[in-house]
Every structure is written in structure tokens, then in C-alpha cells.
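S.K.: There's a structure below that I have some questions on.
The values are calculated or read from the model by the stated rules, or taken from the named source; none is laboratory data. These figures come from a predicted structure and were not determined experimentally. Reconstructed Cβ throughout: ideal geometry from the backbone, glycine too, with neighbour counts over all protein chains shown. These accessible areas exclude ligands, DNA and RNA; they are computed on the full protein's heavy atoms, side chains included. Shrake-Rupley method; radii C 1.70, N 1.55, O 1.52, S 1.80 Å.
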Amino acid sequence: MRKNIVAGNWKMNCDLPQTRSLIIDLKKGLEKGFNCELMIAPSHPFLYQAFNSTSDTIIEVVAQNVCEAQKGAYTGEVSVDMLDSVGIKTIIIGHSERRDIYGETDELLAAKTKTALEKGMRVIFCCGEHLEQRQAGKHFETVTQQIEKGLFGFTTEQMERVIVAYEPVWAIGTGETASPEQAQEMHAHLRSFIASKFGEETANNTSILYGGSVKPSNAAEIFAKPDVDGGLVGGASLDAQSFLDIA
Ligand code: PGA
């Protein structure tokens, strides 16, 4: 069975004291219990500390990025072995900010995903269309191509460790969300596309998260859709109470 997941993508927002205090606030709110997995993605320098301070909780600390190469002369990069050595088991790959600001191509993202999956990690693989692509009626095609190029080179066993995040770029950080119907329509499309390559069982076991201005006020409606298995949350995850309310 696929899992419900709420993941907080903290992006480049918190320094060490802010990371510490956000984790303290999150831990205070964990007593009530959750029927989903909870993940947080702090910045690389704070992963070790975040991992240690949450290891007695249900919170999983995940990474925002990884290098496609294993080791060596890659100044400024962080390898999958480094992440593994500090306890990280899940990595976000292909966020639209990586694609758009840093020019990460489908080929590079497939290589990063390969590195992570071969290490036994889980991957949160992001996809999503720009506004112009939706307006031109090319949103299904765009997202399908991102999934095909990024994920279709893997085995079914590897695909079982992939979580997909559908994040329409026009909804990220804009306050505008896809309607629950738009999210459901794309998630169902993605699930059947995954089934066409990996089979129904794998597709049904794949968690597909929605991301793009998820807030406490809209999460319930979006997450209630049958093919939406939770969310990848940016801005609203920087406030412990709003993240926990979403979860
Ligand atoms: P947002 O970001 O919730 O701030 O729109 C989502 C994301 O980029 O993962």
C-alpha cells in the first residue's frame, strides 16, 4: 500500500539557530499522532544535527539535493555516500528550482536518481509544468516527459523507492494552488503513466504528493482526492504549527 506523506521543503531559508528552533517547535507538536509519514528537508550543513535531534521521533530528515557523481573533484557538491553517512535515506530530486535556476536537465536528474537508488535511498522525484505550458494545453505532455526521462530507466524494484511530487511551477510560492480537481486529474494521469511502464501494482504503491502553496486552509481538500497521497510543502513548512496542521 502506498503511504501518505507530508514533507517540508525548507529550501535555503534556515540557518543553524532557526533550524534548531523549528525542530524544537515541531517536536512539541508530535504527541497527537499522525496518520502520515512526516519529513523535513533542512539545508545540507544542518542535516547531521537535524538527524540526531529527530532520531527519537517519527520525523524523517531528507536532503534537498545530491550530486550525480560518487566522489572526487566536484567542488561544492555533496555525494550520496556523505548523505548516507549522516543517516539520510531519502533525497528530493528534480525540484523546479533546480531545473529552472540551476539548469538541471532531465538527463542529469536521471543520473542523480540513479546514484540515489543504487545506494538504496528513496527519491522524491519532482515534476510539474509552467503556466505557459498549461495554458497551451501541454501540461500532461510536459509532466509525462519529465517522468519518462527521469524514471523510466529504472527497474520495478527501484521504482518502489520513488515518491513522485507533482508541483505545478505556477503554484510554487505564488499563493496560487492547483484546484483539488486539477491535482487529482494530473495525479491520476501520472499513476496510469507509471502503470504503463511498471505495472498496476507498482503504480498503486507509488505515493504521489502535491506541491504548490499547500497551506492548512487548503490541504484537507487537496489531500482528500483519491490519487493525492500527501504534499511537498515549502513556505508553510517553515512554521511548525502550520506544517503540523497540514499533516
Ligand atoms: P510552496 O513550495 O509550498 O512554498 O509553494 C512548494 C515547493 O516548492 O516544494
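S.K.: Please list 3J(HN,Hα) in residue order for segment 144-160, calculated via the Karplus relation 6.51 cos²θ - 1.76 cosθ + 1.60 where θ = phi - 60°; whole Hz, with x for glycine and proline.
M.R.: 4, 5, 4, 5, 4, 5, x, 10, 6, x, 9, 7, 4, 4, 5, 4, 5
S.K.: Still on this model: Quick one: Cα convex hull volume of segment 38-98, Å³ per residue?
M.R.: With only Cα atoms used, segment 38-98 gives 83 Å³ per residue.
S.K.: Hey, with R₀ at 22 Å, roughly what FRET efficiency would Asp25 and Ile58 work out to, going by the Cβ-Cβ distance, to 0.05?
M.R.: 0.90
S.K.: Take the Cα coordinates of the chain, assign each an equal point scatterer, and use the Debye formula without solvent to give log10 I(q)/I(0) at q = 0.10, 0.14, 0.16 Å⁻¹.
M.R.: Ignoring solvent entirely, the Cα scatterers give -0.43, -0.89, -1.19.
S.K.: In deg cm²/dmol, rounded to 500, what helix-only [θ] at 222 nm does the chain give when every DSSP H run of at least 4 residues adds -39500 (n - 2.57) and the total is split over its residues?
M.R.: Mean residue ellipticity at 222 nm (helix-derived): -12500 deg cm²/dmol.
S.K.: Shifting gears a bit: How high is the relative contact order of the chain, given as a whole-number percent (alpha carbon pairs under 8 Å, six or more residues apart)?
M.R.: Reported relative contact order: 22 percent.
S.K.: How much length is gained if the chain between Ser192 and Lys3 is pulled fully straight, taking 0.36 nm per residue apart and subtracting their Cα-Cα distance, in nm to one decimal?
M.R.: Contour length minus Cα-Cα distance gives 66.3 nm.
S.K.: Where a ≥ b ≥ c are the square roots of the eigenvalues of the C-alpha gyration tensor, would you call segment 204-247 rounded, which needs a/c under 1.5, or, failing that, prolate if a/b is larger than b/c, or oblate?
M.R.: In terms of gyration-tensor shape, prolate.
S.K.: Which three numbers, in whole Å and largest first, are the semi-axes of the equivalent ellipsoid of segment 85-218 derived from its Cα gyration tensor as √(5λ)?
M.R.: 23, 17, 15
S.K.: Quickly work out the Lys149-to-Tyr48 label distance, labels modelled 7 Å from Cα along the C-beta direction, and quote it in nm with one decimal.
M.R.: Rounded to a tenth, the inter-label distance reads 3.6 nm.
S.K.: Please list 3J(HN,Hα) in residue order for segment 220-227, calculated via the Karplus relation 6.51 cos²θ - 1.76 cosθ + 1.60 where θ = phi - 60°; whole Hz, with x for glycine and proline.
M.R.: So the Karplus estimates, Gly and Pro as x, are 4, 5, 6, 5, 6, 5, x, 9 Hz.
S.K.: On to the next question. Under a 10 Å cutoff between Cα atoms, tell me which one of Asn205, Asn35, Asn13 has the largest fluctuation in the Gaussian network model of the chain.
M.R.: Asn35
S.K.: Say R0 is 41 Å: what FRET efficiency, to the nearest 0.05, do Met12 and Glu201 get from their beta-carbon distance?
M.R.: E(calc), rounded to 0.05, equals 0.60.
S.K.: Might you tell me the accessible area per residue for the chain, computed with a 1.4 Å probe and given in Å²?
M.R.: Per residue, the chain has 44 Å² of solvent-accessible surface.
S.K.: Okay, moving on. Where does segment 11-65 land on Rg(C-alpha)/(2.2 N^0.38 Å)?
M.R.: So segment 11-65 has a normalised radius of gyration of 1.07.
S.K.: Rounded to whole Hz and in sequence order, give me ³J(HN,Hα) for segment 97-113 from the Karplus expression 6.51 cos²θ - 1.76 cosθ + 1.60, θ = phi - 60°, writing x for Gly and Pro.
M.R.: Working through the residues one at a time gives 5, 5, 5, 7, 7, 9, x, 6, 8, 4, 5, 5, 5, 5, 5, 5, 4 Hz.
S.K.: Let me ask another. Could you give the length gained on full extension between Tyr74 and Leu131, defined as 0.36 nm per residue of separation minus the Cα-Cα distance, in nm?
M.R.: Roughly 17.1 nm would be gained on extension.
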